[in-house]
1. Can you list the aspartates and glutamates whose alpha carbon sits under 20 Å from that of LYS273, skipping same-chain ones fewer than 8 residues off?
2. By how many nm would the segment from ASP121 to ILE47 grow when fully extended, if each residue of separation counts as 0.36 nm and the alpha-carbon distance is taken off?
3. Can you give the % of DSSP beta bridges in the chain that are antiparallel, to the nearest 5?
4. What share of all Cα pairs of region 21-109, in percent, falls into each consecutive 10 Å distance bin?
5. Any idea what the alpha-carbon Rg over 2.2 N^0.38 Å comes to for the chain?
6. Enumerate the aspartates and glutamates that LYS99 could reach by cross-link, defined here as Cα to Cα under 14 Å, with residues fewer than 8 away along the same chain left out.
7. Taking the chain as a Gaussian network, where each spring joins two C-alpha atoms under 10 Å apart, which residue of VAL132, VAL114, VAL218 fluctuates the most?
8. Pull out the extension gain between ARG186 and GLU93, defined as 0.36 nm times the separation in residues minus the alpha carbon to alpha carbon distance; nm, one decimal.
Amino acid sequence: MLLKVTFLGTSGTVPSPNRNLPSILIQFEGTRLLFDCGEGTQRQMMIAKTGFKIDSVFITHTHTDHFIGIFGLMETLSLNERSERLRIFVPNENLNFFKKLFLMFGYENLGYPVEIYGLKDGDAVDFGKFKVLAFKTDHIVPSLGYAFIERERPGKFDRAKAEALKIPKYMYSKLVKGETVEVDGRKITPDMVVGPKRKGRKVVYTGDTRPTERTVEVAKDADILIHDSSFTSDLIDWAIKTKHSTAREAAEIARRANVRKLILTHISARFSKDVSPLLNEAKEIFEDVIVAEDLMSIEVKYRD
């Protein structure tokens, strides 16, 4: 099953010639989710050829560099004659703020339904084969991070064992689904031919935040952790004051959470020409790390 992460915007606060404002698109099979929607996101989507078939949008907080692009995107969806509903999820503390803002924009007259929901720490949005978990982060304003969590998959089917037990092929799918079947008076249970369930994939996006224990908890064993990395450690005082993270701090979170790969994002304009200070600092703590670039796509593979 395809799971792809596309970075539509990777800058911090203000854009640069090479970096747009924050936005990440996650595609799972035919479902596309947008996490934050900075100004110019829809143009980035055109360049990346992601299409506009967005199911839901998840906003991390009320700073405009993370959501102002959604209004242009919604208008474009209307002009494209969208009919399917668009769900927008925001921190619960800001639900009324966003509802008033969208009402002023005229979201009720777009020609398709727009639904706005507030989420709090621990809330999950169920998409069937996966869920999106909201978790509390530590920024200047109420903020959330989001974790894409794929549900467990069935274990591997052992065809050789099934053939040895003389199980008809038409019964294979039932066993994979966890059903017990009967063959010549014998009960065949799934555990006889199907291995243990396999973990799904996990991608965690923090948005703007200081390092937190909650992030470590949620990101435990994640395939990808996308973490705020606005500054290097020489600017730690400024990071603390503005409630952002340094590359070293992001790497420490990744190491403690035992993630597979760390991707640094929300890159300050001071590193627009050279991100090596961020990368080198993080690599001192955690080896498998890269700095996000606009329009970069990563396909998340199964570990098994």
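All of the numbers you see were taken from the coordinates with simple rules; none came from a lab. Because the structure is a prediction, the values reported are computed rather than measured. When we count neighbours, we look across all protein chains shown, and the Cβ atoms used for this are built from the backbone with ideal geometry, even at glycine.
1. ASP228, ASP234, GLU281, GLU293, ASP294
2. 23.2 nm
3. 60
4. Result, from short to long distances: 16, 55, 27, 2 percent.
5. Details: Rg = 21.7 Å, N = 304, 2.2 N^0.38 = 19.3 Å.
My calculation over the Cα atoms of the chain gives 1.12.
6. GLU108, GLU115
7. Looking only at VAL132, VAL114, VAL218, the biggest GNM fluctuation is shown by VAL114.
8. Working: separation 93, 0.36 × 93 = 33.48 nm, distance 5.76 nm.
Contour length minus the Cα-Cα distance gives 27.7 nm.
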